[in-house]
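A.B. asks: A single structure is presented below for examination.
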Amino acid sequence: MHVDIGAALGTVAEPGIDEAELEELDERVAEAHERIAAGRGDDEFGYAALNLPERTDADAIREAVSPVSDAEYVLTVGIGGSALGAKTITAALAEDPERHVVLDNVDPEHVERTLSDLPLSETAVNVVSKSGTTAETLANFLVVRDVYEYRDVDWTERTVVTTGESGPLRELADEEDLPTLPVPDGVPGRFSALSSVGLVPPAILGVDIEELLAGGADAADGLGPSLFETPAYAYGAVAYALEERGAAVNAFMPYAERLEVFAEWFAQLWAESLGKEGRGQTPARALGATDQHSQLQLYRAGPRDKVVTVVRPRERADVPVPDAGHESLSYLAGTDLGELLDAEYDATVASLSAADRPAVEIEIDSLDARSLGELLYATEAACVLVGELAGVETFTQPAVEWGKRAARGLLSGEDTEETRTVDERPSYLISDGD
Ligand SMILES: O=P(O)(O)OC[C@H]1O[C@H](O)[C@H](O)[C@@H](O)[C@@H]1O
């Protein structure tokens, strides 16, 4: 992986940074790296995630999915960190990503439509919840089971569960003697893509999960005490320094359709890990070149509160643009779509830079399992570094849990601090008279 921070340096106006600042920051990076290494050494909560490439047992995953390895579709029932890692990997690497269907939301119309389109007898069900208590996941799982039963298809033969050692999902799995995989100890959901939490659908859909883990291991081996030698830390340190200087938004913009979902995964990682104590960068999801024609105006000329992260593979497929013999299209003659996309990418970085707006470039060699494993791991390491530098608790998400408790309390009719707050929430309703 390669990180080019040139377009974030030397920008005159805020939130730009300069090299001298980075030199100073490098000492703090060295200290943070020591803390991260110690946390990894002791398998401490959260830091343990950075040991997954060597800890994850790919054989155990392959064995657990063997009864459903010929499934045409995989239906993942999970939400947040229990869905986004797998979705990111299959979107990027599965030959036919449409074969991975994700039920995370509980929008009834969406659930109904999704299930009515699926050939259930050819579908493996992958239920994932670290806590085993998430209402959306449990509700969707109960609906899925019911639909299988209604259509007279045995769901117990097609279901794999990944969950912790206790909780309602574990109980449901035990009752039916379903194959289960463990959630690794000490790993928050949003950091668990490179474990059974993220690897079951890719394994069923033919992705080389061993290579993904090898890519993660490459990035782990590359972590060192200086940001000038560690791309993951260079990214984290620059993102942190820019946030300090007012970049409250991180617009994450891959130039590859297959990485569009990666931006969703990044959004959870960055928001839940770093959005604390009045700090954090709001992740904005964008896709190059599509969003050049929709959001770039704001990034270049709106408030000076952003850093744009662009990501691309160095190698792309070859799709030549045919020469139509038109004078006005001569600039396209002899090019191919990848060249055009790369030109768009370069133009975006240059355009931001020319307007003194910081951008950071991340490049991977090609969009294959090894590079994606490296990118996932390096982004996590960058996030952990930012958390260290900012002094926040990277691995918790108390604000999200408040909402989870409130929703559960509302459904059960309990009188709790959270449900009372919901009842007393401010309202100033304007209706159209009906
Ligand atoms: O895996 P689960 O326990 O079902 O949790 C799913 C998700 O729930 C919450 O929203 C947490 O904030 C997320 O970090 C987590 O990924």
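The values are calculated or read from the model by the stated rules, or taken from the named source; none is laboratory data. Just so we're clear, the structure is a prediction, and the values are computed from it rather than from any experiment. All Cβ positions, even for glycine, are placed from backbone atoms using ideal geometry, and neighbour counts span all protein chains on display. Surface areas here come from the heavy atoms of the whole protein model, side chains and all, with no ligands, DNA or RNA. Shrake-Rupley method; radii C 1.70, N 1.55, O 1.52, S 1.80 Å.
A.B. asks: Can you give the three extents of the C-alpha atoms in the chain along their principal axes, from longest to shortest, in whole Å?
C.D. replies: 62, 62, 58
A.B. asks: Taking the mean number of other Cβ atoms within 10 Å as a proxy for protection, how do you rank 3-9, 198-204, 404-410 from highest to lowest?
C.D. replies: Put in order of decreasing packing, that is 198-204, 3-9, 404-410.
A.B. asks: If you don't mind, another one. If you place +1 on the Cβ of every Lys and Arg and -1 on the Cβ of every Asp and Glu, how big does the dipole about the Cα centre of the chain come out, in debye to the nearest 20?
C.D. replies: Dipole about the Cα centre, nearest 20: 800 debye.
A.B. asks: If amide hydrogens are placed 1.01 Å from N in the peptide plane, which non-local residues have theirs closer than 5 Å to the one on Thr282?
C.D. replies: Under 5 Å from the amide H of Thr282: Val249, Asn250.
A.B. asks: Right, next: Can you return the lysines within cross-link range of Lys276? Criterion is Cα-Cα under 23 Å, with same-chain partners fewer than 8 residues away left out.
C.D. replies: Leaving aside lysines fewer than 8 places away in the same chain, those within reach of Lys276 are Lys130, Lys306, Lys404.
A.B. asks: Then there is this: By average Cβ neighbour count within 10 Å, what is the ranking of 424-434, 83-93 from highest down?
C.D. replies: Going from most to least packed, we get 83-93, 424-434.
A.B. asks: Moving on to the next point. Quantify, in whole percent, the carbon and sulfur part of the accessible surface of the chain (1.4 Å probe; protein heavy atoms only).
C.D. replies: Summing carbon and sulfur atoms, their accessible area is 48 percent of the total for the chain.
A.B. asks: How many angstrom lie between the C-alpha centres of the stretch 329-397 and the stretch 235-286?
C.D. replies: 11
A.B. asks: Okay, next question. Kindly work out what percent of the DSSP beta bridges joining two residues of the chain are antiparallel, to the nearest 5.
C.D. replies: If I count the DSSP bridges inside the chain, around 10 percent turn out antiparallel.
A.B. asks: Nearest 500 deg cm²/dmol is fine: what mean residue ellipticity at 222 nm does the chain get from its DSSP H runs of n ≥ 4 alone, each adding -39,500 (n - 2.57), divided by its residue count?
C.D. replies: Helices in the chain give a 222 nm mean residue ellipticity of -14500 deg cm²/dmol.
A.B. asks: Where in the chain are the helices, taken as whole DSSP H runs, whose Cα atoms extend 15 angstrom or more along the long axis and whose Kyte-Doolittle mean reaches at least 1.0?
C.D. replies: Correct list, ordered by number: empty.
A.B. asks: Given H placed on each backbone N at 1.01 Å, which residues far from Ile17 in sequence or on other chains put an amide H within less than 5 Å of it?
C.D. replies: Close amide H contacts, sequence-distant or interchain: Gly10, Thr11.
A.B. asks: Among Pro53, Pro184, Pro108, which one shows the highest mean-square fluctuation when the chain is modelled as a Gaussian network with alpha-carbon springs under 10 Å?
C.D. replies: Pro108
A.B. asks: Please give the per residue accessible area of the chain, computed with a probe of 1.4 Å over protein heavy atoms only, in Å².
C.D. replies: 46
A.B. asks: Using the Karplus curve 6.51 cos²θ - 1.76 cosθ + 1.60 with θ = phi - 60°, what ³J(HN,Hα) values do you get for each residue of the stretch 68-83, in whole Hz, with x for Gly and Pro?
C.D. replies: Result, rounded to whole Hz: 10, 5, 9, 4, 7, 10, 10, 9, 8, 10, x, 9, x, x, 8, 10.
A.B. asks: Next up: Quick one: which residues, 5 or more positions from Val125 or on another chain, have an amide H under 5 Å from its amide H? H modelled 1.01 Å from N in the peptide plane, none for Pro or chain starts.
C.D. replies: Excluding prolines and chain starts, which carry no amide H, the hits are Leu75, Thr159, Val160.
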